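A.B. asks: Take a look at the following structure, please.
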């Protein structure tokens with residue numbers, strides 16, 4: 001049985017991708033050379049739930065659970081601002097841009113997705129939902145001084161992204177891991193109800 005590496009996400013509009021591209025260009029110029037593998041702008045998305053390797057014959061029922069999860073949610077706006085690192089600025093592994101949504105709709109939608117997929121055997125994430133956009137991953141063999149410099153650069157950065165977009169749908173995505181980074185393909189898209 002073929003297995004497909006999948007996740008559920010909000011895809012970004014072109015305007016927001018352009019804002020993130022500009023931010024990445026600025027950071028590339030200041031970060032220690034070769035310390036970060038920057039995510040291709042077309043691959044940046046807001047992950048709502050990572051499913052991992054899923055048997056291909058379950059894609060249909062996962063899509064149905066996603067449709068059920070999106071019922072009753074109208075389109076909403078989210079905005080991006082602030083930069084950070086996971087797990088923290090002293091030990092950067094991932095460089096991210098923060099995501100804000102004032103009404104609580106994003107958190108409620110993500111919770112509905114968790115609940116509907118838990119019933120299919122995909123347990124809810126133990127960590128609290130922390131909406132973010134991964135814009136770079138720190139390379140494995142980066143020295144301590146480069147790590148410190150990168151953490152300081154991100155921590156001192158006031159620039160962030162001041163992008164905003166309307167969320168009108170949620171997507172079930174396929175992830176194919178390649179040596180030059182993951183390639184994402186939409187398997188299904190579920191519209192929010194106006």
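A.B. asks: For residue 33, indicate whether it is modelled with pLDDT of 90 or more, on the phi < 0 side of the Ramachandran plot and assigned to a helix (DSSP H, G or I).
C.D. replies: So residue 33 fails the test.
A.B. asks: When you scan the stretch 15-42, how many residues do you find that are surrounded by 15 or more Cβ atoms within 10 Å (Cβ to Cβ), touching a residue at least 60 places away in the same chain (Cβ under 8 Å) and farther than 25 Å from residue 141 by Cα?
C.D. replies: 3
A.B. asks: Residues in the stretch 81-105 that are closer than 30 Å to residue 60 by Cα and in contact with a strand residue (DSSP E or B) (Cβ under 6 Å, 6 or more places away or on another chain): how many?
C.D. replies: 3
A.B. asks: I'm checking my understanding of the structure. Among residues of the stretch 46-57 that are surrounded by fewer than 18 Cβ atoms within 10 Å (Cβ to Cβ) and within 18 Å of residue 113 (Cα to Cα), which one is farthest from the chain's Cα centre (by Cα)?
C.D. replies: It comes out as 53.
A.B. asks: So, in the stretch 139-180, of the ones that are under 25 Å from residue 25 (Cβ atoms) and in contact with a helix residue (DSSP H, G or I) (Cβ under 7 Å, 6 or more places away or on another chain), which residue ends up modelled with the lowest pLDDT?
C.D. replies: Ranking the qualifying residues of the stretch 139-180, first place goes to 161.
A.B. asks: Being at pLDDT 95 or above, on the phi < 0 side of the Ramachandran plot and assigned to a strand (DSSP E or B) is the requirement here; does residue 77 meet it?
C.D. replies: In short, yes.
The values are calculated or read from the model by the stated rules, or taken from the named source; none is laboratory data. In this text, all values refer to a predicted model and were calculated from it rather than measured experimentally. Cβ sites come from the backbone with ideal geometry, for glycine too, and all protein chains shown count toward neighbours.
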